[in-house]
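Working notes for the structure below.
The values are calculated or read from the model by the stated rules, or taken from the named source; none is laboratory data. Just so it is clear, the model here is predicted, and its values are computed rather than measured. Glycine also receives a Cβ, built like all others from the backbone with ideal geometry; neighbour counts cover every protein chain displayed. Just so you know, the surface numbers come from the protein's heavy atoms only, side chains and all, with ligands and any DNA or RNA stripped out. Shrake-Rupley method; radii C 1.70, N 1.55, O 1.52, S 1.80 Å.
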Amino acid sequence: MLSTGTAPSLQSSQGLQLAIPMLENRAQRYYRPKLDQLRFVAFSFVFCRHILPADTEAYTSLGISHSLAHYILVPLVRAGGHGVDLFFVLSAFLITELLLRECDTTGTVRVKSFYIRRTLRIWPLYFAFILLAFPFEFTTSDIPLLYYGMVAVFIGNWFTVFFGQVESVTGHLWTISVEEQFYLIWPVLLICTRPRVFLASLVGLFIASTFYRSVLIEGDFASAVSVHNNTFTRMDCFALGGILACCVHWNLISTNSMVRVTLLAICAFLYLLIGWIYSDVLHASTAWVYLIGSTASVLAVL
């Protein structure tokens with residue numbers, strides 16, 4: 001039989017054991033509704049790029065002034081594809097913040113648990129969509145079986161890099177492939193490096209990705225879709241999202257309302273700038289649109 005002095009001690013110990021996982025789970029929660037709103041903005045950009053006309057005549061025929069259509073509407077539609085950049089920056093920001101919070105709480109990152117959470121969050125809907133699309137497309141089109149095989153193992157983006165665009169309802173899943181590849185390396189990179197080394201690695205990743213992409217574009221070594229869907233050419237978005245998360249988490253950066261409004265205005269102008277380049281309103285290399293897009297995305301998150 002336990003003594004009266006031992007029972008409270010045991011109860012306290014059991015209570016502490018129960019409390020620690022609860023605190024860890026609470027520390028891992030990082031829900032910001034405004035980031036969901038930002039996801040909707042990113043989705044809207046991409047959606048509009050696919051459904052709205054990207055030529056001036058389509059708008060002037062509706063009675064819209066030529067200047068408004070040519071300098072504002074068409075450029076914004078053409079810039080819409082870079083809503084993907086915002087998705088990538090957001091993913092890197094949120095994942096990095098969650099991993100840093102877990103490190104602060106537990107002293108490490110439970111990599112296995114991280115992979116399980118990502119699997120349960122993404123795989124069911126992802127594979128359900130593929131299983132619905134595959135029988136129909138495989139029997140009614142000439143899409144190679146290799147494409148579906150690569151999509152099934154989350155390297156579908158590399159099919160378009162090496163073999164070109166595929167006319168498939170699953171075509172947009174290339175972004176999921178890039179994100180899954182990002183999930184695979186990010187927690188390992190974090191736990192294998194010290195904080196300063198991790199931050200320096202992200203800066204190096206940003207520079208390397210930007211340089212590699214610029215070489216491909218300026219040297220005309222790859223098609224536009226190959227550059228757009230290449231994992232390595234999109235790592236600058238993930239790097240910047242991770243850098244922003246580190247800066248916010250370690251209180252290296254702060255903003256007030258006026259600064260936020262200013263950043264948002266700059267962000268809107270940068271997206272317009274992307275559209276001007278694509279529309280030839282502004283003559284510049286398309287290598288710039290990716291750098292501008294990732295920068296605008298970071299400002300939007302901030």
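Quickly run through segment 49-69 and pick out the residues that are part of a loop (DSSP other than H, G, I, E, B) and without any contact (Cβ under 8 Å) to a residue 12 or more places away in the chain. Result: SER61, LEU62, GLY63, ILE64, SER65. Answer yes or no: is there a residue in segment 263-280 that is farther than 20 Å from THR210 by Cα, open to solvent by 60 Å² or more (accessible area, probe 1.4 Å), in a loop (DSSP other than H, G, I, E, B) and small (Gly, Ala, Ser). No.
On the given criteria, is THR119 assigned to a loop (DSSP other than H, G, I, E, B) and farther than 17 Å from VAL166 by Cα? Against the criterion (assigned to a loop (DSSP other than H, G, I, E, B) and farther than 17 Å from VAL166 by Cα), THR119 does not qualify. PRO75 falls short on exactly one of the conditions (1) in contact (Cβ under 8 Å) with a residue 12 or more places away in the chain; (2) not basic (Lys, Arg); (3) not in a helix (DSSP H, G or I), and that condition is (3). Looking across segment 181-194 at every residue that is open to solvent by 30 Å² or more (accessible area, probe 1.4 Å) and in a helix (DSSP H, G or I), the one that is modelled with the highest pLDDT is identified as GLN181.
Check segment 196-210 and report whether any residue there is open to solvent by 70 Å² or more (accessible area, probe 1.4 Å), closer than 29 Å to CYS247 by Cβ, at pLDDT 95 or above and in contact with a Ser or Thr (Cβ under 7 Å, 6 or more places away or on another chain). So far as segment 196-210 goes, no, none of its residues is open to solvent by 70 Å² or more (accessible area, probe 1.4 Å), closer than 29 Å to CYS247 by Cβ, at pLDDT 95 or above and in contact with a Ser or Thr (Cβ under 7 Å, 6 or more places away or on another chain).
Considering only residues in segment 141-165 that are among the β-branched types (Val, Ile, Thr) and open to solvent by 20 Å² or more (accessible area, probe 1.4 Å), the one that is nearest to SER223 (Cα to Cα) turns out to be VAL161. Give the residue, chosen from LEU35, LEU99, LEU52, LEU73, that is touching a Leu at 6+ places or on another chain (Cβ under 7 Å) and either closer than 22 Å to HIS283 by Cα or open to solvent by 10 Å² or more (accessible area, probe 1.4 Å) (or both). So the residue among LEU35, LEU99, LEU52, LEU73 that is touching a Leu at 6+ places or on another chain (Cβ under 7 Å) and either closer than 22 Å to HIS283 by Cα or open to solvent by 10 Å² or more (accessible area, probe 1.4 Å) (or both) is LEU35.
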